[in-house]
Amino acid sequence: MAFLTDRKRATGMGSAKSGTEHHWHMMVSSVALCGLIPLFVFTYGYALGMSYEDAAAYYARPFPAIVGILTLLVGFVHFKGGVQTLIEDYAHGFARKALIIGSICLSYAAAAAGVFAIVRIAL
Amino acid sequence: MADVNRGNRPLSPHLSIYRPQITSITSIFTRLTGNALIVAALLTVWWFAALASGPEAYARANGFMTSWFGDLIMFGSVACLWYHTLAGIRHLIWDSGHFLDIESSERMGQIIILVSVLLTIFTVIVL
């Protein structure tokens, strides 16, 4: 043990492998959401509570529909990355793997369902 | 040498033994609010799916979302959303290498709490 250098002990132990990529994706999605979230809150919040006809007509318009699609897509991808960090901090072994796979599946499924719904309303 | 002092190094500040500070509390709430938003996100997907399926499904989803319980969830979620957004902006500022000292971090923590409360009130008034 005493013959190991500091460098040798540290190599491969740091976060500068897939971690930097993960962090970069969180940064990109958070920058995108900085613009999308205010737009989404005030378009979706405006439509929420409308009658069926009004809400369907509102989301047939391009701007609310595109903001909605982008927010759900980017939002769920951002959630996928964020909740993975949470799981990695608190769950270990098989539970960690199962939860990460489950949360990735949930994120894509919810994003797909939401995008499909908006496309169907709009078209 | 590399093997000197193994096992006698300072420990990570675990939540249970660490005095709460504005920096740690705002950090914990960033994680909490971000992950709590899954509830509102799934409700939102449900609302869109219902709107796509027809008037009966929409009446059910929209009825729940505008009930007192739905309102309570959406109010909490708007607060979480603004807080998490501002905390995320704080992270982007930190990532650019600015305001990393303790004093600035604490000041930014106070600012994001205050601004998220104001934005939540503003959103409730507007919508």
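Below are the figures for this structure:
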quantity	calculated
Boolean, A:ALA55 is touching a helix residue (DSSP H, G or I) at 6+ places or on another chain (Cβ under 6 Å), among the aliphatic types (A, V, I, L, M) and surrounded by 18 or more Cβ atoms within 10 Å (Cβ to Cβ)	yes
Inter-residue pairs, beta-carbon under 6 Å, first closer than 22 Å to A:MET26 by Cβ and more than 11 Å from chain B (Cβ to nearest Cβ) and in segment A:54-75, second assigned to a helix (DSSP H, G or I) and at pLDDT 95 or above, 6+ apart	A:VAL67/A:LEU39; A:VAL67/A:PHE40; A:VAL67/A:THR43; A:LEU70/A:LEU36; A:LEU73/A:ALA111; A:VAL74/A:SER29; A:VAL74/A:ALA32; A:VAL74/A:LEU33
Those residues of segment A:109-123 which are assigned to a helix (DSSP H, G or I) and out of contact with any helix residue (DSSP H, G or I) (no Cβ under 7 Å at 6 or more places or on another chain), in sequence order	A:ALA109, A:ALA112, A:PHE116, A:VAL119
Selection within segment A:78-100 - surrounded by 14 or more Cβ atoms within 10 Å (Cβ to Cβ), within 12 Å of chain B (Cβ to nearest Cβ) and among the charged types (D, E, K, R)	A:LYS80
Segment B:37-73 - residue that is exposed (fewer than 13 other Cβ atoms within 10 Å of the Cβ) and part of a loop (DSSP other than H, G, I, E, B) and, of those, farthest from the other protein chains (Cβ to nearest Cβ)	B:SER67
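This table checks each residue for (1) in contact (Cβ under 8 Å) with a residue 40 or more places away in the chain; (2) under 24 Å from B:GLU103 (Cβ atoms).
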site: B:PRO10; (1), (2): no, yes
site: B:ALA36; (1), (2): yes, no
site: B:LEU42; (1), (2): no, no
site: B:SER53; (1), (2): no, no
site: B:ALA57; (1), (2): no, no
site: B:GLY70; (1), (2): no, no
site: B:ILE73; (1), (2): no, no
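The values are calculated or read from the model by the stated rules, or taken from the named source; none is laboratory data. This one's a predicted model, so the numbers in the text were calculated from it and none came from an experiment. Note: ideal-geometry Cβ built from the backbone for every residue, glycine included; neighbour counts use all protein chains shown.
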